[in-house]
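Following: one structure in structure tokens, then a few remarks.
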Amino acid sequence: MIAIVDYEIGNLAAIANMLHRLGAACEITADPEKIGRADKLILPGNGAFDACMQGLRATGLIPLLTEKVLVEKVPLLGICVGAQMLGHGSDEGREAGLGWMDIQVKRFPDLPGIRVPYMGWGDVRKTHPYHPLTQGISDDARFYFVHSYYLSPVDPEDVLLTAQHGIEFAAAVGRANIAGVQFHPEKSHRFGKQLLGQFAGGRP
Amino acid sequence: MTRARVIPCLLLRGHGLVKTRKFSNPVYVGDPVNAVRIFSEKEVDELVILDIDASREGREPNYELIAEIAGECFMPVAYGGGIKTLAQARRLIRCGIEKVVINSAAFDSTGVIRDIADVFGSQAVVGAMDARRTLFGGHRLFAKSGTVETGIKPEDHAEVLERAGAGEIFLNSIDSDGQMQGFDLPLIQKVARRVRVPVIACGGAGTPDHLRQALAEGEASAVAAGSLFVFHGKHRAVLINYPTGIFF
């Protein structure tokens, strides 16, 4: 069962909806027992970085999630701010991130003609040749992005996909059992369905 | 490559979808859940769904219908109509939509935009406005589906909405609505130049060229249309369609 970690942020129904269409068992939950039994985890996130970190901390689930991810090595997928939370922190706020990956989160630079937040569909470029999460992505794939801050992994090897918005940035990151996507696969038609299907069925 | 979003804008009236002309004469165009399913299959960039009676009638959003619609959407969906409070926005987001559209309520106070942005982020709040041309070439805004004159200029209001925390501006032209003769380009440009957040232009699209004009000359970030995506031919036969393979 895939546990979608519920800390009352964002559109969790959409993630569950797509997983259900894929035939994957999932549950939106903050119940430590259910999360303890989950064999995969999705960490969503939307809106302000600090609000997300505070929301997640308020559930008291961080020690359990850390144990699951770092010790049990359960596959985890962070989505949007959920991916940003995997790093050390963000330009956007003062809260520390989970620190599970060596990532900083930076604000898009002010560039002429580039509006922030970035909101829209973008093409991605595969930078990792065989990561199971992203290797099946087709050349015509496009994903829905909405963000003002972007993932900046310290080790370029952790970058799975890049996208462009004035600058080239990491659209997906991954290391061992941990992965994150800046875009919203649950809102990216068959392209997102394919990616979530990889996560649900594959062994990241 | 970044693509400009092309967004069908669907108008809810009761349990049906309608299309208006200059915000009047609503014509029934179909069942909303069925229409949304077709748009989802056509892989549209995004959807905007507006309940055109909710604010005017002081009515709550139809949460059940919205949840049913959202369940068919594998793309972002924005809903507007009758939203005045954070609690309503929370319930709508729980129904499965990404963005709430605030229009009439923001003329009383932009507090609700600030409240929603603080909790769900600016990307979850669309500030919307309906403009009408004045005799002297300017524009003024109207609230409650075009029925209440406010005397406010669109570009000034856009700035107020952005400052309050709206993550994008949905700009509709009452004069161009349903005419399919092209967008009100000076209106769009005036607003787009005043704010940094994306501006979605709506009202008047009859051809893909019109969409291109709104993006190039109007400087909009995204374009929305109703008639273009629900009518076919000069007799306005109802046919749900969406241009594919055209990148803007």
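The values are calculated or read from the model by the stated rules, or taken from the named source; none is laboratory data. Nothing here was measured: the structure is a model prediction, and the numbers come from that model. Quick reminder, even Gly has a Cβ in these numbers, built from the backbone with ideal geometry, and neighbours come from all protein chains shown. What goes into the accessible areas is simple: the full protein's heavy atoms, side chains included, and nothing from ligands, DNA or RNA. Shrake-Rupley method; radii C 1.70, N 1.55, O 1.52, S 1.80 Å.
Relative contact order, whole percent, for chain A stands at 20, derived from Cα pairs under 8 Å and 6 or more residues apart.
Using alpha carbons only, how many angstrom separate the centre of segment A:42-116 from the centre of segment A:125-204? Segment A:42-116 and segment A:125-204 have Cα centres spaced 15 Å from each other. What number, in percent, do you get for the relative contact order of segment B:74-122 if the mean sequence gap of Cα pairs under 8 Å and at least 6 apart is divided by its residue count? Across segment B:74-122, relative contact order equals 38 percent. Distance between the C-alpha centres of segment B:90-124 and segment B:140-207: 18 Å, rounded to the whole angstrom. Restricting attention to segment A:2-201, the count of lysine pairs at 8 or more positions apart or across chains with alpha carbons under 18 Å apart stands at 6. Each Lys and Arg contributes +1 and each Asp and Glu -1, all at the Cβ; summed about the Cα centre of the protein assembly as shown, the dipole is approximately 780 debye. Ordering A:ALA163, A:GLY197, A:SER148 by the projection of their Cα atoms onto the charge dipole of segment A:133-204, which places +1 on the Cβ of Lys and Arg and -1 on the Cβ of Asp and Glu, puts A:GLY197 at the extreme positive end. Partner shielding of B:117-125 amounts to 6, given as the average count of beta-carbon atoms from other chains within 10 Å of each residue beta-carbon. Net charge around A:ILE35, counting only other residues with Cβ within less than 13 Å of its Cβ (Lys, Arg = +1; Asp, Glu = -1)? With Lys, Arg at +1 and Asp, Glu at -1, the neighbours total -3.
Averaged over peptide A:46-59, the number of partner chain Cβ atoms lying within 10 Å of each residue's Cβ comes to 2. Among the trypsin sites (Lys or Arg not before Pro) in segment B:150-248, those located in a DSSP loop and surrounded by at most 13 other Cβ atoms within 10 Å of their own Cβ are B:ARG193, B:ARG196, B:LYS234.
When DSSP beta bridges are limited to those with both residues in segment B:5-238, what percentage is antiparallel, rounded to the nearest 5? Beta bridges within segment B:5-238, antiparallel portion: roughly 35 percent.
Among the GluC sites (Glu not before Pro) found in segment A:46-111, those both in a DSSP coil and sparsely packed, with 13 or fewer other Cβ atoms within 10 Å of their Cβ, are A:GLU72. For chain B, the relative contact order comes to 18 percent (Cα pairs under 8 Å, sequence separation of at least 6). Counts of other chain beta carbons within 10 angstrom of each beta carbon in peptide A:5-18 average 4. For GluC sites (Glu not before Pro), the sites in segment B:29-117 that DSSP calls loop and that have at most 13 other Cβ atoms within 10 Å are B:GLU57.
Evaluated over chain B, the count of Lys pairs having alpha-carbon atoms less than 24 Å apart is 17 (only pairs 8 or more residues apart or interchain). Only helices enter the 222 nm calculation for chain A: every DSSP H run of n ≥ 4 contributes -39,500 (n - 2.57), and dividing by all residues gives -6500 deg cm²/dmol, rounded to 500. Full extension of the segment from A:ASP140 to A:GLU67, taken as 0.36 nm per residue of separation minus the current Cα-Cα distance, would add 22.5 nm. Of all DSSP bridge pairs formed entirely within the protein assembly as shown, close to 45 percent run antiparallel. Carbon-plus-sulfur accessible fraction, the protein assembly as shown (probe radius 1.4 Å, protein heavy atoms only): 49%.
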